[in-house]
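A short reminder: the numbers here are calculations on the coordinates, not readings from a lab. What you see is a predicted model; the values in this text were computed from it and never measured. Using ideal geometry, Cβ is built from the backbone for each residue, glycine included, and neighbour counts are taken over all protein chains shown.
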Amino acid sequence: MEDLGEIVGEFLMESHENLDQIDRDLVSLEQEPGSRDLISRIFRAIHTIKGTSGFLAFSRLEKLAHAGESLLSRLRDGVQPVTPETITVLLLCIDGVRSILSSIEENGSEAEVDIESMIVRIKAQMDAPTDAAAPAAEAAPAEAAPAEGGPAAEAPVSVEHEAPAARPAPEPVTDQRQPLGQMLVDAGAAQASDVASALQQQIEGDERKLGTILLEEGKAAPTAVSEALQSQAPKRSIADSAIRVDVDLLDTLMNMVGELVLARNQLVRGVMEIGDSGLVRSAQRLGMITSELQEGIMKTRMQPIEHIWSKLPRVVRDLSNSLGKQVALVMEGKETELDRSLLEAVKDPLTHLVRNAVDHGIEEPERRIAAGKDPEGTLTLRAYHEGGHVAVEVADNGAGLNVERIAQKAVENGLLRPEQIPNMDKRDIMAMVFQPGFSTAAKVTNVSGRGVGMDVVKTNIENIGGAVSVDSTPGEGTVWRLTIPLTLAIIQALTVDCADQRYVVPQVAVLELVFIDGNTTKVEYASGAPVYRLRGKLLPLVRLDRALGLEVGGDQGVYIMVLQADGRRFGLVVDRVLNTEEVVVKALNTRFKDIGLYAGATILGDGKVGLILDVSSLARRSHLAVDSERETVSDKRGQQGGGTERLLVTAVGERRVAIPLDTVTRLEEFPRDRIEHAGSREVVQYRGQILPLVRLSHLLGAYGEELEGDTVSVVVYSEGGKSVALVVDRIVDIAENSTTARRDAEEDGLVGTAVIQQRVTELLDVRRAILAADPNFYSDSMDDMLVEA
Amino acid sequence: MASRQFATFEVDGQLFGVEVHTVQEVLSYNEYTPVPLAPPAVGGLFNLRGQVIAAVDLRVQLGLARQALQGPVMNVILRGDGEPVSLLVDKIGEVVDLDDETFEPPPDTLSGPTRELVVGTFKLDGRLMLALDVNQAVDTYRATN
C-alpha cells in the first residue's frame, strides 16, 4: 500500500511536469500548426499519462486522457488541421486532467471531476466538419456533437472504443522502451541469434551489458550499438538525465556544508598548531575539497528561469483571447539560471507584470492598426546576466505609460502635490505606479487589479535584494525591469580612482556618471556644502577624498557618480572612473569593520587589493547632519517630520531663505520708523507687546545693502505668549517641499538647502533665529529643550 | 631541557622573535593598498594567493615612524585568530632553538610601547632577542585603547 502511495506520488509529480510541457507545446503548436515534432511530443506526454493512469486504475482520468489522445492522433495523422479551436479544446482537456490530478492529490480519488462535458467537446472537435477525409466511423455521432449534453454519458464510451480501433498502437511511444537487442535486430545491425545468446549469457550470470557482450564478441558494430543506445535514450534528455531531489534535503545539505566549512577551519588551525607537515597537507586538501563541495551544493540550487516562464505562454494566450487582443510572446534567455529560492520569489511578480502588460500595455488590434502598428502586439520576456545580477525584463510594444495620467492619478490619491509635478523626472512619475496607494483598478479595463499589485511586485523584489524599474516611451511600449541578485558573493562593480588609490563601487548603487569639466558642468556650493544641479535638481555631493580623510583635490576634471542607497540619492566625487568589472567580494579583516566605510575588499585585475566602498554608509554619513538637525527642528515644532512641508520663501539679499510655514504666526509690514532700540536690540511695539526683531540678513551674514522703503517685511513667530519677528527683505512665495533634495549646510543659522521652484533655497534654522532675537525666548516654556540643546 | 623555536626578525636594529608555530610564512611583498581611516598601525592590505591580508606596521606598534612601503617590505605572516595577519618588519633573521633557561622577563628599564609588546628577553650569543606577544603585536587598536 505504501508502495502504491509512492508510485501515485511520483505519477502526480511527473504528470504535473508533463502537463506544463504540454501547455507550452500546445501554445507553440498554435503558432506553427505544421510542427509534427510538437504534436508527437504532446501525444507522447498525454499517452504516458493515459498509460499510467490506466495502470493505477484512475479510469476517469484515463478516459479523458484517451479522448485527448484521440484528437491528437487525428492532428498527427493530418486527418484534421490544427486550428485555434482545437488548441482551446486540448488546453481544456489538459485543465481537466490537471483538476483530476489535484483531486487525486487531495483526497486520493478522482470522482468529483466532471469529465463528460469535456469529452463531449473533444468529440465535437473531432467531428467538426473541417475535413472531408474524416473517417466514416466517426461521422455518426457528429449529429449529437453540439454541446447539449444529451448523449454525454455515452459519448466517452464511444470515443474509447472507437479510437483505438481506428488508430492502432502509436509507435513513438512503444519505441521509447524498446530493448536494445530488439532495436539492433530491427536495424539489421545484429543477428537475432547473437542477441539471444548474449541474453542467455546474461541470464547465466554474465554481468556485462548486452551491448558490451555483443561488441566484445564482435557481433555488432560499435557505431550501430551506440546509435541504438542513443535512440533508446529518452527524448527529453533534461527530464531523464536528472533526478528529483527534495528541496529541503538540499537546504539541509547546504547548512551542513556550512558547518563543515567551520569545522574545517577549526581543524586546520589545530593541525597548524601541531605542525606535522603530513597532517597539514591533508588539512589543506580537506580545505580544497570542502570549498569545491560548497560550490557544488550552491550550484544544485540554480535553476533556469524557464521554470517560472513555462506557465506564461498559457497565461498570455488565455488573457489575450479573453480581451480580444493578439499577443505574441517572445522569450529570450530562458536558460539564465537563478537560485531556486529567488526564482520562487520572482514567480508571482513576474506573472503579474505579464498580465499587466497584456491587459494595459498592449492595445486592441483596431487601436494598433489605427496607430500604424502590426495588429499583433509583442510581449518580450528577456533574462540575462548583468554582472552579479540577473535582469528580467517584461517588454511590450504597446501604447506606453501615460505620464500625465499617472501624475494626475498620483495627485488625486494624495501621493503628489500638483506643484511637484513640473519639477519631477519622467521616470520618477512613472515610478509612482509602484506606490501602495496607486490603484491600477481605476485604469481602463476590468481584468487585472486582481492578485498582487505593483507595490507588491516592488516589495517582493526588494525583499530579495533586487530592484524594479519601469521605462516607457509613448506609442512604443513599456519595459518593466527586475534586477535580481544572482548571488551575493560576486558583484558587478565600477573601479574608480581617488587620491591615487583605486576603490570599488558596487554597480547596483550607481545611477549615472557625470564628468565635471568646470565649464558646462560644475560643482556649486550652497553655504559651503558642495552640490550639483542634476537636471535642475540639487544633488548633494560627497567628496570621496574628504570622506576618507585624504588630501582634498580640486573640483575640475572630476567625476560625479550619482549613487542611490537607502532611498537617498547623492553624488560621490572621484578623480577618475576606470571600468566595470566583476569582482569577488572578500570579507574584510574584522579590524576594519569599525571604520564602516568599506563593504569588503576584492582582488583587482592587476592583483592588488581594492577596497569596496559601502555606499549606504557613505550616504548615511553625507546626510547625517541634516537628519539630526531635522529631528530637532521637528521636535521643537511638535510635529512629525517627513513627507512634504509648506515653506514660506523669503528673499534675504541675493539669497532665498525658506521658513517652515507652520512656525509662522503672521506676516506683517512695519513702518521703518516704528523700529526702536532697546539696548543693542531692535524692537517694535506690536499688539501691546515689545516684539524683538532679528534681521535675517545679519543672522546669515548676507550683508547686502539695506533695502530702501518705508516699511520692512517681518515674519512673526509666537509661542507661549511670546513673539519674535524675523526681518526679511521680501516675502517671495509659499511653496511645497518634499524632503528629498536636501543637503545639510555647514553654516550657522541654516538647517540645509533645497531646490524649491527650481532655485537653490536655504532652509532657516528657526530656533536659532528666534534665539538670536530673544535669547530667553524658550527659557520659561522650553527649559528641557535647552538642556538638550 | 625544554627548548622552543623562534622565528626572528629585526626592526630598527633590535632583534625580535615569535614562536615558530605562530608563523604561517615569511615573504617579501611590494604592493600594499592603504586603508584610509584605519588605525595608523595598519600598513595596508595585500593579496596573498587570493586572500586579502592586513599588514600591521610593527614600527608603528613600537612607537616608531611608519614603514615607507616603497619597494619590497618583509612580511611575517602570522596565523591570527581565524584570519592570517602580517607584521611588517625591516629584516628577517634565522629560526633559532632557544632553551627556556636563556629566558628572562623584560628588563625593568624597558618602557614605552615596546614594553607592552614584549613578553621576555632571550639571551643569544652576543645579542638579545625580545620575544613578542603575538596578540598584542597585531592589535591595531592597542594604542587607542
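General observations
- Model label sites at A:Ser322 and A:Gln202, defined 7 Å from Cα along the beta-carbon direction, differ in position by 5.2 nm.
- C-alpha center-to-center spacing [the stretch A:197-211, the stretch A:332-390] in angstrom: 55 Å
- Signed unit charges on C-beta, dipole axis of the stretch A:245-303, positive-most listed residue A:Gly275, A:Leu250, A:Ile289: A:Gly275
- FRET efficiency, 1/(1 + (r/R0)^6) with R0 35 Å, evaluated for A:Ser277 and A:Lys299 via beta carbons: 0.55
- Look at the alpha carbon pairs under 8 Å that are at least 6 residues apart: their mean separation over the length of the stretch A:245-303 gives a relative contact order of 47 percent.
- Label positions at B:Gln70 and A:Arg681, each projected 7 Å from the Cα along the C-beta direction, are separated by 6.2 nm.
- Using 0.36 nm per residue and subtracting the Cα-Cα separation, the extra length available between A:Arg481 and A:Ser109 on full extension is 129.6 nm.
- Estimated from the Cβ-Cβ distance and a Förster radius of 22 angstrom, the FRET efficiency linking B:Leu110 and B:Asp12 is about 0.95.
- Mean projection area, nm², convex hull over Cα of the stretch A:306-485: 10.2 nm²
- Under 5 Å between amide hydrogens, built in the peptide plane, is the criterion, and for A:Tyr686 it picks out A:Leu691 among residues at least 5 positions away or on other chains.
- At R0 = 45 Å, FRET efficiency that the Cβ-Cβ distance of A:Met288 and A:Glu335 yields, to 0.05: 0.95
- Placing a label point 7 Å from the Cα of A:Leu249 along the Cα-to-Cβ direction, no residue of the stretch A:90-108 has its backbone N under 17 Å from that point.
- About its Cα centre, the stretch A:245-303 has a charge dipole of approximately 240 debye under the convention of +1 per Lys or Arg Cβ and -1 per Asp or Glu Cβ, with nothing else charged.
- Model label zone, A:Phe515; criterion: amide N under 11 Å from point 7 Å along Cα-to-beta-carbon; scope the stretch A:537-563: A:557-559
- Isotropically averaged projected area of the stretch A:245-303, using the convex hull of Cα atoms (one quarter of hull area), nm²: 3.9 nm²
- Loop-located trypsin sites (Lys or Arg not before Pro) in the stretch A:648-692, at most 10 other Cβ atoms within 10 Å (DSSP): A:Arg687
- Residue-averaged beta-carbon neighbours from other chains (10 angstrom radius) around B:20-33: 2
- Working from label points 7 Å from Cα in the Cα-to-Cβ sense, the A:Asp594 to A:Ala467 distance is 3.3 nm.
- Alpha-carbon Debye profile of the stretch A:252-372, log10 I(q)/I(0) at 0.14 Å⁻¹: -0.74
- The relative contact order of chain B, computed from alpha carbon pairs under 8 Å that lie at least 6 residues apart in sequence, is 28 percent.
- For A:Lys50, the lysines whose Cα comes closer than 16 Å to its Cα, not counting residues fewer than 8 places off in the same chain, are A:Lys63.
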